[in-house]
Amino acid sequence: MDLFEKLRTAKGALGQYSEEAHGYYTFPKLRGELSAHMEFNGKKVLTWSLNNYLGLGNHPEIRKVDAEAAAEWGLAYPMGSRMMSGNTDQHEQLEAELSAFVKKEDTVLLNFGYQGILSTVDSLLNRKDVVVYDEQAHACIIDGLRMHLGKRFVYKHNDIEDCEKQLVRAQKLAEKTGGGILVITEGVFGMSGTVGKLKEIVQLKEKYEFRLLVDDAHGFGTMGSTGAGTGEFLEIQDQIDVYFSTFAKSMASIGAFVSSTKEVCDFLRYNMRSQIYAKSLPMPIVIGALKRLELLREQPEHREKLWTIVKALQGGLKERGFNIGNTQSPVSPVFLSATIGETSQLVVDLRENLHIFCSVVIYPVVPKDVIMLRLIPTAMHSLEDVETTLKAFEQVAHKLKNKLYAQEIYDIHA
Ligand SMILES: Cc1ncc(COP(=O)(O)O)c(C=O)c1O
């Protein structure tokens with residue numbers, strides 16, 4: 001049989017919609033300057049789908065530093081992996097500044113968050129070790145665990161009783177194998193906005209011996225009194241053994257980092273395969289990240305503005321009876337009950353008639369017959385943007401409730 005035969009018949013959970021969806025629901029093109037108002041499908045839309053939480057992506061000081069660094073260094077330097085020929089003073093300076101900011105002894109830069117955390121997980125574990133992790137952990141954690149040759153136990157999302165149950169099983173097994181235990185959770189869960197129960201997990205350290213790894217992609221820059229993340233927000237940062245975040249959200253760039261003790265970071269430097277066998281971050285990215293970190297630290301007004309928008313948006317949605325789940329972070333989900341057909345009609349209505357662009361999440365990310373519209377407030381939004389959006393949401397919710405949307409998937413190519 002032709003290897004490719006199955007690509008035609010089993011296209012995957014999302015791939016099955018590719019023909020109808022491509023270019024509109026999936027792979028849409030947002031044009032124009034990064035801002036709350038961009039162009040989509042020839043129309044100006046109010047954009048709620050960019051993780052540019054602090055609005056740094058298009059900040060004039062950052063654009064200037066990015067451009068100057070690109071002019072001075074180009075995108076090639078340094079060549080090679082950090083270990084071979086790709087290390088610089090600036091890479092080390094960024095690591096030192098990140099360590100100081102997240103209050104850890106040491107930091108390792110990662111050329112992409114996804115590969116970086118995957119290799120962090122992979123290199124920290126051997127076949128004797130046991131992992132206990134949240135069922136809603138990001139795909140990069142799951143993929144890191146796919147390489148794990150030992151046992152792993154998953155616990156129900158943010159369910160601390162179940163987490164403890166799995167820890168009991170893990171402890172029994174680890175005693176037999178002679179391995180250790182790693183617990184993995186997100187700081188802020190990127191889909192639902194729920195804050196991980198880090199305080200409760202940390203308390204379990206009194207009863208069980210384990211290390212804690214936190215993926216704080218959505219918490220870094222947004223949570224905590226200085227923006228140092230969910231550990232700072234919950235006042236348990238010192239109990240997080242391995243702290244990870246990406247530059248792809250609040251820092252509005254690319255790349256990532258992992259922070260821990262010097263011992264752990266030195267081990268990771270010499271063992272993370274995705275970093276040892278891949279090119280180091282280009283200089284403009286590193287210099288741009290230094291500038292972003294400076295603004296993140298020294299201009300709290302961006303975080304304050306973000307939270308003004310978050311409170312207005314989430315408060316307004318709740319007042320109007322929308323189900324926004326348990327978010328305690330800027331991530332703002334709106335759960336609605338609808339079929340795939342109705343969802344597509346609603347999204348087209350939002351985008352084409354009401355000029356609101358947000359992401360839509362369907363099964364298998366959320367249960368069947370539930371849809372989630374995911375809004376990401378940022379410091380670039382205004383209170384007027386929030387009002388416009390709340391009115392638009394009232395309209396689409398009314399139509400959905402009164403079955404005014406057709407059941408067929410809206411064919412955007414027709
Ligand atoms: C929770 C979480 N972890 C890790 C990543 C991966 O980071 P990166 O985009 O730097 O590969 C993402 C997405 O960006 C994420 O949302």
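Where a number appears in this text, it was derived from the coordinates with a stated rule and is not lab data. Because the structure is a prediction, the values reported are computed rather than measured. Neighbour counts are summed over all protein chains in view; Cβ atoms, including those assigned to glycine, are modelled from backbone coordinates with ideal geometry.
Would you work out which of L293, Q93, S245 lies farthest towards the positive end of the dipole of region 60-298? Charges go on Cβ: Lys and Arg +1, Asp and Glu -1.
S245
Work out the FRET efficiency for R273 and Q299 from their Cβ-Cβ distance, taking R0 = 35 Å, and round it to the nearest 0.05. If you can, show how the numbers build up before the last one.
Numbers: r = 37 Å, r/R0 = 1.06.
Using R0 = 35 Å, I get an efficiency of 0.40.
Who wins for biggest fluctuation among L400, L167, L182 in a Gaussian network model of the chain, springs between alpha carbons below 10 Å?
Fluctuation is largest for L400.
Which residues among region 332-375 fall inside the zone where the amide N is under 19 Å from a point 7 Å beyond the Cα of E384, along Cα→Cβ?
Residues 354-357 qualify, since their backbone N sits under 19 Å from the label point.
By counting other Cβ atoms within 10 Å of each Cβ, how are M223, M38 ranked from fewest to most? Intermediate values should be presented prior to the final figure.
Numbers: M223 26, M38 19.
The fewest-first ordering by Cβ neighbours comes to M38, M223.
Rounded, prolate or oblate: which one fits region 60-298, using the alpha carbon gyration tensor with axes a ≥ b ≥ c (rounded when a/c is under 1.5, else prolate when a/b beats b/c, else oblate)? Don't skip to the end; give the middle numbers.
Working: a/c = 2.29, a/b = 1.59, b/c = 1.45.
Since a/c reaches 1.5 and a/b is larger than b/c, the shape of region 60-298 is classed as prolate.
Between the alpha-carbon centers of region 290-353 and region 197-267, tell me the distance in whole angstrom.
23 Å
Hey, got a sec? Which chymotrypsin sites (Phe, Trp or Tyr not before Pro) in region 1-102 land in a DSSP loop and have at most 12 other Cβ atoms within 10 Å? Please report the intermediate quantities before stating the final value.
Working: sites: F4, Y17, Y24, Y25, F40, W48, Y53, W73, F101; in loops: F4, Y24, Y25, W48, Y53.
Those satisfying the criteria are F4.
With unit charges on the beta carbons (Lys and Arg positive, Asp and Glu negative) and the dipole taken about the Cα centre of region 60-298, which residue among T222, H148, I62 sits farthest to the positive side?
Of the listed residues, the answer is H148.
Rounded, prolate or oblate: pick one for region 1-123, where a ≥ b ≥ c are the square roots of the eigenvalues of its C-alpha gyration tensor, a/c under 1.5 means rounded, and failing that, prolate if a/b is larger than b/c, else oblate.
On the way: a/c = 2.19, a/b = 1.33, b/c = 1.64.
Here region 1-123 falls in the oblate category.
At most 13 other C-beta atoms within 10 Å and a DSSP loop state: those are the exposed trypsin sites (Lys or Arg not before Pro) I care about. Give me the longest piece of the chain that has none.
With a cap of 13 other Cβ atoms within 10 Å, the longest stretch comes to 208-319.
Can you tell me the orientation of helix 383-401 relative to the chain, as the angle in degrees between its alpha-carbon axis and the longest Cα principal axis, to the nearest 10?
Taking Cα atoms only, the helix is inclined about 70 degrees.
Longest segment of the chain with no GluC sites (Glu not before Pro) in a DSSP loop having at most 14 other Cβ atoms within 10 Å? Please list the in-between numbers first.
Values: sites that count: E33, E105, E135, E209, E235, E408.
The reported range is 236-407.
Once you put a point 7 Å from the Cα of M147 and another 7 Å from the Cα of R63, both along the Cβ direction, what distance in nm separates them?
Distance between label points: 3.9 nm.
Just to be sure I understand the curve: with the Debye formula and one point per C-alpha of the chain, what is log10 I(q)/I(0) at q = 0.09, 0.10, 0.13, 0.15 Å⁻¹?
Reported log10 I(q)/I(0), two decimals: -0.60, -0.74, -1.22, -1.46.
Residues with amide H under 5 Å of F220's amide H, sequence separation 5 or more or different chain, H placed in the peptide plane at 1.01 Å from N; which?
T230
Among G32, G231, G57, which one shows the biggest mean-square fluctuation in a GNM of the chain, springs joining Cα atoms closer than 10 Å?
G32
Can you tell me how region 198-328 classifies by the Cα gyration tensor, rounded, prolate or oblate, using a/c under 1.5 as the rounded cut?
The shape class here is oblate.
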